[in-house]
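Taken together, the values in this text are just the output of simple stated rules run on the coordinates, not laboratory data. Because the structure is a prediction, the values reported are computed rather than measured. Ideal geometry is used to build each Cβ from the backbone, glycine not excepted, and the neighbour counts take in all protein chains shown.
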Amino acid sequence: MPTQSSSLQSAKPAWLVLEGGHTYQGFSIGCEGTTYGELVFNTAMTGYQEILTDPSYKGQVVLMTYPEIGNYGVNTEDFESSQLHASGFIVRRLSPSTSSCRAGGSLATWLKQSGIVGIEGVDTRAITRLVRAEGALKCGITTDANLLPSFVETINAQPSLDDQPLVETVTTTHRYRYQAETAGAIASNEKPKLKKLVALDFGMKTNILRCLAPLVEELIVVSAFTSFEAIMAENPDAVFLSNGPGDPRSLPSVITTVQQLLAKNVPTFGICLGHQLLALAMGLPVEKMPFGHHGGNHPVKDVELNTITITSQNHGYCVQYPDEASLLSQEITITHINLNDQTIEGIRHNRLPAFSVQFHPEAAPGPHDSVYLFDRFLQHCQQVNANSKKAEASSLVGC
């Protein structure tokens, strides 16, 4: 049975049904209607606005494990994209009131205006334990009781997240130059900057752009499917591979482009999906995780610095360890490891100017412990460029 309704919009009943047949009755939040997606749970205590607008959640129904969500409302500053991308929203209790000097409205109203179907009043702890035990599950949320007799069959018939071209739906449709209204404190204005950085948008969060902007004089954002030739025509000092939704193995043309960039020794930095694509381009395997990492409290060890940071994460796939006997184990250094399950969280190529991390150093939401990686990227690119100039000078002397 559902718990007592907590918000003004929760009078209408709603049902959450999982592909195995588990059914939970609660109360509708947001829009009335029906939605489908892959169920994931997020352990963050705050940051629901950033989570819902993160394009990496495309095709997923997000369950928040923290028991009360929405108490500080929503505002105009914390969007990570121009719209909500999550397919649905599940909470134990939606706060009936909003209390924040930054709030421009309530979460309940925002969900409704954005056309998001959600549910409250269900046992989110029990659902989380079920996902941890059984792995990623398809699900559906509906306010239409007439659908219930055949709802499980309809849910099972939905395409798997692995089979959907999600990046195509979230990448930019045009090339543009990003200019932040206010430069962040990631890199000082006194520090030398890169002249031009090209960022491939696979579903990029806005805060990544905010963090990259202080590092470069010109930040160009292009579609995920921009060709190698078009990227090189920009004459970039470096290339950035962004976060995004879905299975990286479903993007063979992008993997080929990254391989071509590596072959040309273009300094490359990847985050999340970008990390997985870089790994695939290097020859490392990527596999789907049982239930992924979603939250702002994942401990990660920086193997090279011998430090531990708490990180923000959102991914359902991970890079696999190379065979110790293979050449890859000698060419690639594992730079970061997740201390919860020992999965790979960062890699660096020993010959080529490329490295990546699985987590989100830009946070939003989450801790800023690993923001230093943006400065590391800048230093990395500057060193590569300096070495290139030395090599050119040496070749001229030889002539």
Extend 7 Å from the Cα of Lys12 along its Cα-to-C-beta direction; within segment 95-114, residues with backbone N under 15 Å of that point are 108-114
Residue-ordered couplings for segment 131-141, obtained by feeding phi - 60° into the Karplus form 6.51 cos²θ - 1.76 cosθ + 1.60 and rounding to whole Hz (Gly and Pro as x), are 5, 5, 7, 9, x, 4, 10, 6, 8, x, 10
Sparse-neighbourhood loop hits (GluC sites (Glu not before Pro), segment 202-255; DSSP loop; Cβ within 10 Å at most 10 others) -> none
With DSSP loop assignment and no more than 11 other C-beta atoms within 10 Å, the GluC sites (Glu not before Pro) in segment 305-354 are Glu324
Fewest to most Cβ atoms within 10 Å: Leu18, Leu166 sort as Leu18, Leu166
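Work through the residues other than Lys195 whose Cβ is under 9 Å from its Cβ and net out their charges, Lys, Arg +1 and Asp, Glu -1.
Numbers: positive: Lys193, Lys196; negative: Glu217, Glu218, Asp237.
For residues surrounding Lys195, the net value is -1.
So between Arg249 and Gln379, what do we pick up on full extension, going 0.36 nm a residue minus the alpha carbon distance? Don't jump to the answer; show the numbers that get you there.
Working: separation 130, 0.36 × 130 = 46.80 nm, distance 3.03 nm.
Length gained between Arg249 and Gln379: 43.8 nm.
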Along segment 335-350, Karplus-curve 3J(HN,Hα) (6.51, -1.76, 1.60; θ = phi - 60°) to the nearest Hz, with x for Gly and Pro, reads 9, 9, 9, 6, 7, 7, 9, 6, 6, 6, 10, x, 9, 9, 7, 7
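How long are the semi-axes of the equivalent ellipsoid of segment 168-391, defined as square roots of 5 times the Cα gyration tensor eigenvalues? Whole Å, largest first. Intermediate results must be reported in sequence, preceding the final value.
Working: eigenvalues 112, 80, 70 Å².
Result for segment 168-391: semi-axes of 24, 20, 19 Å.
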Under 5 Å from the placed amide H of Gly118, counting only residues 5+ away or on other chains, we find Ile29, Cys31, Phe89
Scalar couplings 3J(HN,Hα) for segment 171-179 by Karplus 6.51 cos²θ - 1.76 cosθ + 1.60 (θ = phi - 60°), nearest whole Hz, x for Gly and Pro, are 5, 5, 8, 8, 6, 8, 9, 8, 10
Dividing the helical contributions, -39500 (n - 2.57) per DSSP H run of n ≥ 4, by the residues of the chain yields a 222 nm value, nearest 500 deg cm²/dmol, of -7000 deg cm²/dmol
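If you add up the charges near Gln49, with Lys and Arg at +1 and Asp and Glu at -1, over every other residue whose beta carbon is less than 14 angstrom from its beta carbon, what do you get? Each step should come with its number before you reach the end.
On the way: positive: Arg102, Lys205; negative: Glu50, Asp54, Glu77, Asp78, Glu80.
Result for the local shell: -3.
Given the convex hull over the Cα atoms of segment 1-122, what projected area results after averaging over all orientations, in nm²?
Values: hull surface 27.3 nm².
Orientation-averaged projected area of the Cα hull: 6.8 nm².
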Distribution output for segment 68-195: share of Cα-Cα pairs per 10 Å bin in percent, first bin at 0, values 9, 26, 31, 22, 10, 2, 0
The set of residues whose placed amide H lies less than 5 Å from the amide H of Gln60, leaving out same-chain residues fewer than 5 positions away, is Glu38, Ser87
Of all stretches in the chain that avoid trypsin sites (Lys or Arg not before Pro) placed in a DSSP loop and having at most 13 other Cβ atoms within 10 Å, the longest is 103-263
